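Colleague: My questions will all concern the structure given below.
The values are calculated or read from the model by the stated rules, or taken from the named source; none is laboratory data. These numbers were taken from a predicted model, which means no experiment stands behind them. All Cβ positions, even for glycine, are placed from backbone atoms using ideal geometry, and neighbour counts span all protein chains on display. Side chains included, ligands, DNA and RNA excluded: accessible areas come from the protein's heavy atoms. Shrake-Rupley method; radii C 1.70, N 1.55, O 1.52, S 1.80 Å.
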Number of protein chains: 2
Amino acid sequence: MDGLQFFQQSAGDWKSLRTTHHLPFRRAETGGSDIHVEALDAQDSRISEICQMHEVDPATAVGGAFVSWDGAMEWDQEDEDHSGTSVFSLVPDENSPQKGKLLRERGYAEVVPVIGQYHIDHEEALVLITDYETMSINERFWFPHPDVRLRASTVKRFGGLSTATFCAEIRTDQAETSAEKTTTSEPISSFWGW
Amino acid sequence: MDGLQFFQQSAGDWKSLRTTHHLPFRRAETGGSDIHVEALDAQDSRISEICQMHEVDPATAVGGAFVSWDGAMEWDQEDEDHSGTSVFSLVPDENSPQKGKLLRERGYAEVVPVIGQYHIDHEEALVLITDYETMSINERFWFPHPDVRLRASTVKRFGGLSTATFCAEIRTDQAETSAEKTTTSEPISSFWGW
């Protein structure tokens with residue numbers, strides 16, 4: 001798996017269920033979203049536009065994705081809106097398709113152009129680290145099954161850890177997910193006990 | 001970080017918040033538990049007892065942990081009880097403290113002696129794979145902060161993916177967690193948009 005293959009495997013429609021743990025408050029907030037992902041090839045005009053915005057040579061981009069989402073979180077206030085679109089462009093390091101830069105159309109967390117550093121780890125997960133002026137986000141995405149994408153992320157603000165977020169994302173662009181139906185009642189499954 | 005250091009860092013009292021995603025049903029169930037972990041050294045009699053139970057030379061164990069927990073899940077039925085204790089013994093491979101076997105007192109998922117295979121990955125997380133007769137569990141634990149332990153796990157039954165579980169665990173054996181207090185209102189923090 002390289003970065004581009006990750007985006008290609010992500011293409012399609014997904015139902016995302018999110019739990020955000022507000023760590024200093026020991027409180028968790030849940031939410032859900034519908035996500036649509038289109039893989040974009042290197043020739044797509046949206047890819048070269050983002051490269052130009054970041055002053056990166058478009059010839060170094062191998063492709064990317066267009067993502068749109070529409071969701072809601074439990075603690076949302078009236079004016080909160082969890083919908084939007086974004087375009088990513090993938091620029092691998094010269095000698096390694098397993099790591100490089102991820103350019104983004106705009107940062108939703110800060111209004112500055114956003115460049116994240118990604119690599120594919122030894123467990124075939126995509127790890128993405130994005131540093132902003134006042135915070136740093138560490139995200140890890142992986143596919144335990146072709147129709148299930150999981151992610152775990154943490155946000156550090158001014159050096160302190162503020163949130164941990166988990167998403168389970170299930171493909172909905174097929175008549176039936178191929179994950180096996182089992183009864184919901186099951187014994188505790190962690191090695192750790194709980 | 002090696003396996004023993006992971007257990008040593010885990011010692012203490014923790015508040016665990018869990019979300020279990022029942023993937024074929026696209027439903028999520030939440031729960032919580034109080035967890036107590038004691039690191040055990042290699043000389044502890046509980047360590048050698050587990051080794052003998054698994055017919056492993058106790059001299060190859062480097063230590064382990066005693067864990068107790070008491071929790072509840074949202075969909076619990078009256079007779080369900082999420083409390084218990086367990087002892088683990090860590091037996092690293094001969095030439096590598098970064099990987100090896102994790103022996104457990106008893107399996108809660110199947111009533112057979114349980115041996116998991118662990119390794120510390122390049123992100124300093126402990127990955128543990130436990131194969132049972134009819135299922136396989138993949139668990140990953142990591143510390144984004146010394147007082148915060150996260151984990152993500154998936155269960156495959158008969159080859160089909162059945163659940164994905166996330167836990168955020170916050171240390172409670174200190175007057176105050178050192179995670180920084182911030183306001184709960186924050187912009188969307190994922191690179192991915194949602």
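Colleague: Output the qualifying pairs, or none if there are none: Cβ atoms under 7 angstrom, residues six or more apart or on different chains, first residue in region B:76-94 and within 9 Å of another protein chain (Cβ to nearest Cβ) and in contact (Cβ under 8 Å) with a residue 24 or more places away in the chain, second residue surrounded by fewer than 20 Cβ atoms within 10 Å (Cβ to Cβ) and of a type in the set (G, A, S).
Modeller: Taking only residues 6 or more apart or on different chains, the pairs are B:H82/B:A72.
Colleague: Same structure again: Could you grab the pairs with beta carbons closer than 6 Å, sequence gap of 6+ or different chains, first residue in region A:141-155 and in contact (Cβ under 8 Å) with a residue 60 or more places away in the chain, second one open to solvent by less than 10 Å² (accessible area, probe 1.4 Å)?
Modeller: Listed by first residue and then by second, the contacts come to A:F141/A:L126; A:F143/A:R149; A:R149/A:E169.
Colleague: Given the criteria acidic (D, E) and at the interface with another protein chain (Cβ under 10 Å from one of its Cβ atoms), does B:E55 qualify?
Modeller: no
Colleague: Could I ask something else about it? Quick one: would you say A:S162 is small (G, A, S), more than 15 Å from A:L17 (Cβ to Cβ) and more than 7 Å from every other protein chain (Cβ to nearest Cβ)?
Modeller: No; evaluated as a whole, the condition is false for this residue.
Colleague: To continue, here is another question. Given the criteria within 14 Å of another protein chain (Cβ to nearest Cβ), closer than 17 Å to B:L102 by Cα and in contact (Cβ under 8 Å) with a residue 24 or more places away in the chain, does B:V62 qualify?
Modeller: No, not satisfied.
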